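Notes follow the structure.
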Amino acid sequence: MTTEPPQDPGTSLLALLAYVNLCSAEELMRRSAGETDLTERLPVGRVAADQLARYARLSEAIPGGVPGVLAAMQPVISPVDEFIRLTQPRVRGEAMVRLVAVTGMELEIVQRVADGLDEAAREVLALTPGTWRAMDYGSAGVLEGVTGMIHGLDELSNYSRRVLGEAAAAGQRLLVRDTGLRALAAGQTPSGGVDDPLARSIACLDDVLVATSARLAQLGLRS
């Protein structure tokens with residue numbers, strides 16, 4: 001268990017989602033730069049811009065300016081970077097699966113923990129049209145991948161399971177090392193006789209992953 005001083009739960013969540021959106025925007029911008037078809041570059045660029053704007057909004061709400069943002073992000077950088085490295089997509093269909101999974105997890109987290117945050121944090125974390133554009137764009141890409149690849153359904157289903165498995169591992173690391181995230185997640189799950197905040201927070205993470213898996217299943221992927 002981490003011995004770091006407790007971090008404000010709202011700040012912890014702002015830092016996590018800001019960093020995730022930054023990384024996602026960077027990945028999409030690299031993908032856009034590699035496209036030669038303008039009809040594909042335009043929507044990718046729009047989604048990347050949306051996620052970069054969300055990163056800016058979330059990070060600007062973290063107290064302390066740039067030093068405050070850097071300090072708040074320190075616990076989340078390594079687990080998120082490891083997740084990205086271990087789930088690096090090989091083809092466009094996999095990139096779209098990861099986009100849907102990451103966006104879906106953000107949707108689930110924000111909806112579940114909103115009641116445990118103050119009004120200012122809830123306002124900043126509120127989902128935007130850009131979040132839904134990312135979900136729609138990714139979902140269309142998954143459907144295209146399932147129907148357009150040889151053995152596409154099996155390949156993308158296997159990849160989606162890997163994404164969710166690595167998300168579970170990264171999420172557990174985050175909950176162990178970040179006291180703010182752990183407190184926030186633990187407060188969303190009834191104790192049911194379990195007094196350990198870490199166990200309750202992991203139960204919340206499991207619920208988020210189950211809901212995200214169900215969202216992927218709606219696109220035809222097999223759990």
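Of the residues making up the stretch 52-71, none is more than 28 Å from Ala185 (Cα to Cα) and assigned to a helix (DSSP H, G or I). A single entry from Val100, Val44 fulfils the requirement of being open to solvent by less than 60 Å² (accessible area, probe 1.4 Å), assigned to a helix (DSSP H, G or I), β-branched (Val, Ile, Thr) and over 27 Å from Ala203 (Cα atoms): Val44. Here Ser201 clears all of (1) in a helix (DSSP H, G or I); (2) farther than 25 Å from Pro63 by Cβ except the condition numbered (2). Considering every residue within the stretch 88-96, establish whether at least one is assigned to a helix (DSSP H, G or I), modelled with pLDDT of 95 or more, farther than 15 Å from Gly171 by Cα and of a type in the set (D, E, K, R). No. Taking the conditions (1) open to solvent by less than 60 Å² (accessible area, probe 1.4 Å); (2) free of Cβ contacts under 8 Å to residues at least 40 places away in the same chain; (3) closer than 26 Å to Ala72 by Cβ in turn, Gly165 satisfies each one other than (3).
If the condition is being within 18 Å of Tyr137 (Cα to Cα) and either basic (Lys, Arg) or in contact with a Leu (Cβ under 7 Å, 6 or more places away or on another chain) (or both), then the stretch 100-120 contributes Val100, Ala101, Glu106, Leu107.
Step by step: first the residues of the stretch 124-163, then only those that are β-branched (Val, Ile, Thr) and touching a helix residue (DSSP H, G or I) at 6+ places or on another chain (Cβ under 6 Å), then the one that is farthest from Thr212 (Cα to Cα). Which residue is that? I'd like the intermediate steps shown before the answer.
Quick first cut of the stretch 124-163, residues β-branched (Val, Ile, Thr) only: 124, 128, 131, 142, 146-147, 150, 163.
From the residues that got through so far, the ones that are touching a helix residue (DSSP H, G or I) at 6+ places or on another chain (Cβ under 6 Å) too are 142, 146, 163.
Details: Val142: 14, Val146: 18, Val163: 11 Å.
Filtering the stretch 124-163 for residues that are β-branched (Val, Ile, Thr) and touching a helix residue (DSSP H, G or I) at 6+ places or on another chain (Cβ under 6 Å), the one farthest from Thr212 (Cα to Cα) comes out as Val146.
Gly192 falls short on exactly one of the conditions (1) farther than 25 Å from Asp118 by Cα; (2) at pLDDT 90 or above; (3) open to solvent by 30 Å² or more (accessible area, probe 1.4 Å), and that condition is (2).
Apart from one condition, Ala121 fits all of (1) assigned to a helix (DSSP H, G or I); (2) free of Cβ contacts under 8 Å to residues at least 24 places away in the same chain; (3) over 17 Å from Leu209 (Cβ atoms); the exception is (2).
Suppose we keep only residues that are open to solvent by less than 50 Å² (accessible area, probe 1.4 Å) and modelled with pLDDT under 90 within the stretch 8-27. Which one would you say is farthest from Val66 (Cα to Cα)? Filtering first and then ranking leaves Pro9.
Within the stretch 170-181, count every residue that is under 10 Å from Leu205 (Cα atoms) and open to solvent by 20 Å² or more (accessible area, probe 1.4 Å). Reasoning before the result, please.
Let us first name the residues in the stretch 170-181 that are under 10 Å from Leu205 (Cα atoms), namely 171-172, 175.
Among the residues that remain, those that are also open to solvent by 20 Å² or more (accessible area, probe 1.4 Å) are: 172.
Total satisfying the criteria: 1.
The values are calculated or read from the model by the stated rules, or taken from the named source; none is laboratory data. The model shown is predicted, which means the values in this text are computed figures rather than measured ones. All Cβ positions, even for glycine, are placed from backbone atoms using ideal geometry, and neighbour counts span all protein chains on display. The protein model used for the area step is the full one, side chains on, heavy atoms only, and it has no ligands, DNA or RNA in it. Shrake-Rupley method; radii C 1.70, N 1.55, O 1.52, S 1.80 Å.
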